[in-house]
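Enquirer: Please find one structure pasted underneath; my questions will follow.
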Amino acid sequence: GQNIDQPTEMTATEGAIVQINCTYQTSGFNGLFWYQQHAGEAPTFLSYNVLDGLEEKGRFSSFLSRSKGYSYLLLKELQMKDSASYLCAVKIGSTLGRLYFGRGTQLTVWP
Amino acid sequence: DTGVSQDPRHKITKRGQNVTFRCDPISEHNRLYWYRQTLGQGPEFLTYFQNEAQLEKSRLLSDRFSAERPKGSFSTLEIQRTEQGDSAMYLCASSPGTGGRNEQFFGPGTRLTVL
């Protein structure tokens, strides 16, 4: 089976930097996604990594190490609106494949 | 609005009743996915269509569940003889099917409550 692990909860203050880690044990790895999900809403795409290294996109960056089965999402200059669940998802096999999601990390940003 | 839409947004039903949900994907997307999400968990894959063909089904999709995409556009998910354990958010997603990233775009979901 596929195993994707991320912390359940994290807290941080406005303006700070937070790193959300994700570790995975899967077969046929073919890319890793990070999604943001506000309570009661649909997940929205944040980032995608398929090769090792850092992908930067404004205040958000995502890192992948395939050999270690490890990724992180880095959020800078935190804002109150960043309070949400952050979902790590792995794509398996062909580009047609399903996504396997972790349980999500609930981030609370305090003023 | 050109995003993924789902109908209804909320459904309350009694145990044993049948329910049907609809998903309209982004128009040029030929791939469509159904997921189920319970509180505090990530989405769990249920099934996937490429055009009208249902190519993959999860073991979570018991014989009470059936999904169709008759013309390769909208899709329906039916649950027969609902059980309280079926209470969840049912999410639909679509993707263009080209390119390595093949990002999935999610709809707002249908929240099902089985009493």
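Enquirer: Just to be sure before I move on: is A:SER61 more than 14 Å from every other protein chain (Cβ to nearest Cβ) and either at pLDDT 95 or above or crowded, with 16+ Cβ neighbours inside 10 Å (or both) in the structure I sent?
Expert: Here the answer is yes, as A:SER61 does meet what is asked.
Enquirer: To continue, here is another question. State yes or no: is B:THR82 assigned to a strand (DSSP E or B), modelled with pLDDT of 95 or more and farther than 21 Å from A:PRO43 by Cβ?
Expert: no
Enquirer: Answer yes or no: is there a residue in segment A:9-17 that is in contact (Cβ under 8 Å) with a residue 60 or more places away in the chain and touching a helix residue (DSSP H, G or I) at 6+ places or on another chain (Cβ under 9 Å).
Expert: Checked against the condition, which is being in contact (Cβ under 8 Å) with a residue 60 or more places away in the chain and touching a helix residue (DSSP H, G or I) at 6+ places or on another chain (Cβ under 9 Å), segment A:9-17 yields at least one hit.
Enquirer: So B:LYS11 ticks every box in (1) over 24 Å from A:ILE4 (Cβ atoms); (2) surrounded by fewer than 17 Cβ atoms within 10 Å (Cβ to Cβ); (3) among the basic types (Lys, Arg) but one. Which box is left unticked?
Expert: All conditions are met except number (2).
Enquirer: Identify, please: which residue in segment B:75-92 is farther than 13 Å from B:THR20 by Cα and polar (S, T, N, Q) and is, among those, nearest to the other protein chains (Cβ to nearest Cβ)?
Expert: Here the residue is B:SER87.
Enquirer: From the list B:LEU55, B:LEU60, exactly one residue is modelled with pLDDT under 95 and away from chain A (no Cβ under 11 Å). Which is it?
Expert: When all the criteria are applied, what remains is B:LEU60.
Enquirer: Same structure again: Looking at segment A:1-16, which of the residues that are assigned to a strand (DSSP E or B) and farther than 27 Å from A:ARG98 by Cα is nearest to the chain's Cα centre (by Cα)?
Expert: Top of the filtered list is A:MET10.
Enquirer: Can you tell which of A:LYS81, A:LYS68 is assigned to a helix (DSSP H, G or I) and either at pLDDT 95 or above or over 20 Å from B:GLN37 (Cβ atoms) (or both)?
Expert: A:LYS81
Enquirer: Regarding segment B:93-106, can at least one residue be identified that is away from chain A (no Cβ under 11 Å), in contact (Cβ under 8 Å) with a residue 40 or more places away in the chain and surrounded by 14 or more Cβ atoms within 10 Å (Cβ to Cβ)?
Expert: Looking through segment B:93-106, at least one residue is away from chain A (no Cβ under 11 Å), in contact (Cβ under 8 Å) with a residue 40 or more places away in the chain and surrounded by 14 or more Cβ atoms within 10 Å (Cβ to Cβ).
Enquirer: Sticking with this one: Select from segment A:22-59 the residues that are part of a loop (DSSP other than H, G, I, E, B) and in contact (Cβ under 8 Å) with a residue 12 or more places away in the chain and list them in ascending order.
Expert: A:THR26, A:SER27, A:GLY28, A:HIS38, A:ALA39, A:PRO43, A:VAL50, A:LEU51, A:ASP52, A:ARG59, listed by residue number.
Enquirer: Only one of A:LEU99, A:LEU78, A:LEU54, A:LEU74 is more than 8 Å from chain B (Cβ to nearest Cβ), of a type in the set (A, V, I, L, M) and closer than 23 Å to B:GLN41 by Cα; which?
Expert: A:LEU74
Enquirer: Look at A:GLN19 and say whether it is in a strand (DSSP E or B), within 15 Å of A:LEU107 (Cα to Cα) and more than 14 Å from chain B (Cβ to nearest Cβ).
Expert: Yes.
Enquirer: Turning to a different aspect of this structure: Just wondering, is there one or more residues in segment A:51-59 that are acidic (Asp, Glu) and within 30 Å of B:SER5 (Cβ to Cβ)?
Expert: Within segment A:51-59 (the criterion being acidic (Asp, Glu) and within 30 Å of B:SER5 (Cβ to Cβ)), the answer is yes, since at least one residue qualifies.
Enquirer: I would also like to ask the following. Tell me yes or no: at least one residue of segment B:63-74 is among the aromatic types (Phe, Trp, Tyr), within 12 Å of chain A (Cβ to nearest Cβ) and assigned to a strand (DSSP E or B).
Expert: No, segment B:63-74 has no match at all.
Enquirer: Also, I was wondering about something else. Counting only residues that are more than 13 Å from chain A (Cβ to nearest Cβ), farther than 22 Å from B:THR82 by Cβ and of a type outside the set (A, V, I, L, M), give me the strands (runs of 3 or more DSSP E) lying completely in segment B:3-49 with at least 1 of them.
Expert: B:19-24
Enquirer: Still on this model: Please verify whether segment A:77-91 includes one or more residues that are within 23 Å of A:GLY15 (Cβ to Cβ), among the small types (Gly, Ala, Ser), in contact with a Ser or Thr (Cβ under 6 Å, 6 or more places away or on another chain) and surrounded by 20 or more Cβ atoms within 10 Å (Cβ to Cβ).
Expert: Among the residues of segment A:77-91, not one is within 23 Å of A:GLY15 (Cβ to Cβ), among the small types (Gly, Ala, Ser), in contact with a Ser or Thr (Cβ under 6 Å, 6 or more places away or on another chain) and surrounded by 20 or more Cβ atoms within 10 Å (Cβ to Cβ), which makes the answer no.
The values are calculated or read from the model by the stated rules, or taken from the named source; none is laboratory data. These numbers were taken from a predicted model, which means no experiment stands behind them. When we count neighbours, we look across all protein chains shown, and the Cβ atoms used for this are built from the backbone with ideal geometry, even at glycine.
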